[in-house]
C-alpha cells in the first residue's frame, strides 16, 4: 500500500478570505510579522499495490477534475 | 405549457420552491432525481439551490458527477434550456457549462437579504420575460456566492453581453464586476446566485418579481426547435 498526497491551494490571484481571517487572529495571539496566510486542502489517498505510472496518471486526472477546480486552484501530487 | 424538470440532489433545499415557481408561471414541474439517467423528455431543467452533498470538497464539485448531470450537460450542449440557481449556479460552473467559479463571500459571512438586481440580458429563455435594464428585487442567500473569473473571461462575458444580472445598491458577496448571473454563448444556460423562486407569490418574500424567470420566453422554441 502506498500513500499519495494531493495538496490543493487557491491560485495566488484568488482572494482567500479564510486565510485573511486566520492572519487577522495572529496579532491577537501576540504573533507579529506574518504578512500573509493562505489556506489550502490536503488529501491523503491510500492506494492498493504499487503506484505505477499509469496509476499516477489516473490520480493526477482525479486531482485535476475532482479534488481541485483549475479555475481557482492549483494542485500538487506527491507519492510518499 | 412546457414541462420543466427540477433536479434534486442529496442536500438540495429549494427544489420544492422551484417546482412551485414553475407552477405559478403556468408550466408543469417535473421532479428529477440525481441518480436517474432519464430527463423524462422535459423541455427545460432547473438546478435548484441548497447544499448538495453538504457543500463538501467545493460547492457543486461532487454533484457535477451525478448520473443525471451527464444528461444535463449533453442536453445543454444541444440547446436544452438550463437554469442553475445558487448551488445550481455553482454546479454549472463546476461542470464547465459556465466559465468562472463561485468562492467564499469576501466578508466571510452568509448573507440573506432582499436584493435589487438589474437584468442585463433578456436574450435567454430564462430572462425573456424581462426587458434589458429592468430592475427586480428577489431574495439572496449564500455563503459562497462571490463570482470570480480571469480578467479575460470577464471581458469576454461583458463584450458578448453574457452578464445576465448585476447586483445594484449593494454587492453582497464581493462578486467581480457586481455579477449576479451569467449565461453561456448560446444563451440557453443561465446561472444566477439570487433566488427568484422565492419571489413568486404576493405576501411571501419581497414581491413577485421572480416569476419571469420561470415563464420561459418565446426564445425557448427557437432553442429547442
Have a look at A:19, A:24 and point out the one that is at pLDDT below 95 and surrounded by 13 or more Cβ atoms within 10 Å (Cβ to Cβ). A:19
Can you name the number of the only condition in (1) surrounded by 10 or more Cβ atoms within 10 Å (Cβ to Cβ); (2) over 13 Å from the mean Cα position of the chain (by Cα); (3) at the interface with chain B (Cβ under 10 Å from one of its Cβ atoms) that residue A:70 fails? (2)
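Rundown of residues vs (1) within 23 Å of residue B:56 (Cβ to Cβ); (2) away from chain B (no Cβ under 14 Å); (3) surrounded by 16 or more Cβ atoms within 10 Å (Cβ to Cβ), yes/no style:
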{"site": "A:8", "(1), (2), (3)": "yes, no, yes"}
{"site": "A:42", "(1), (2), (3)": "yes, no, no"}
{"site": "A:52", "(1), (2), (3)": "no, yes, no"}
{"site": "A:66", "(1), (2), (3)": "yes, no, yes"}
Hey, any hits in segment B:22-29 for a residue that's closer than 28 Å to residue A:72 by Cα, modelled with pLDDT of 95 or more and not in a helix (DSSP H, G or I)? no
What's the total number of residues in segment A:23-47 that are in contact with a strand residue (DSSP E or B) (Cβ under 8 Å, 6 or more places away or on another chain) and not in a loop (DSSP other than H, G, I, E, B)? 8
Looking at segment B:79-98 only, could you name the residues that are crowded, with 19+ Cβ neighbours inside 10 Å, in contact with a helix residue (DSSP H, G or I) (Cβ under 9 Å, 6 or more places away or on another chain) and part of a loop (DSSP other than H, G, I, E, B)? B:80, B:81, B:95, B:97, B:98
Looking only at residues in segment B:45-78 that are away from chain A (no Cβ under 14 Å) and in a loop (DSSP other than H, G, I, E, B), which one is surrounded by the fewest Cβ atoms within 10 Å (Cβ to Cβ)? B:78
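The values are calculated or read from the model by the stated rules, or taken from the named source; none is laboratory data. Predicted, not measured: the structure shown is a model, and the values here were computed from it. Note that we place each Cβ from the backbone using ideal geometry, even for glycine, and neighbour counts take in every protein chain shown.
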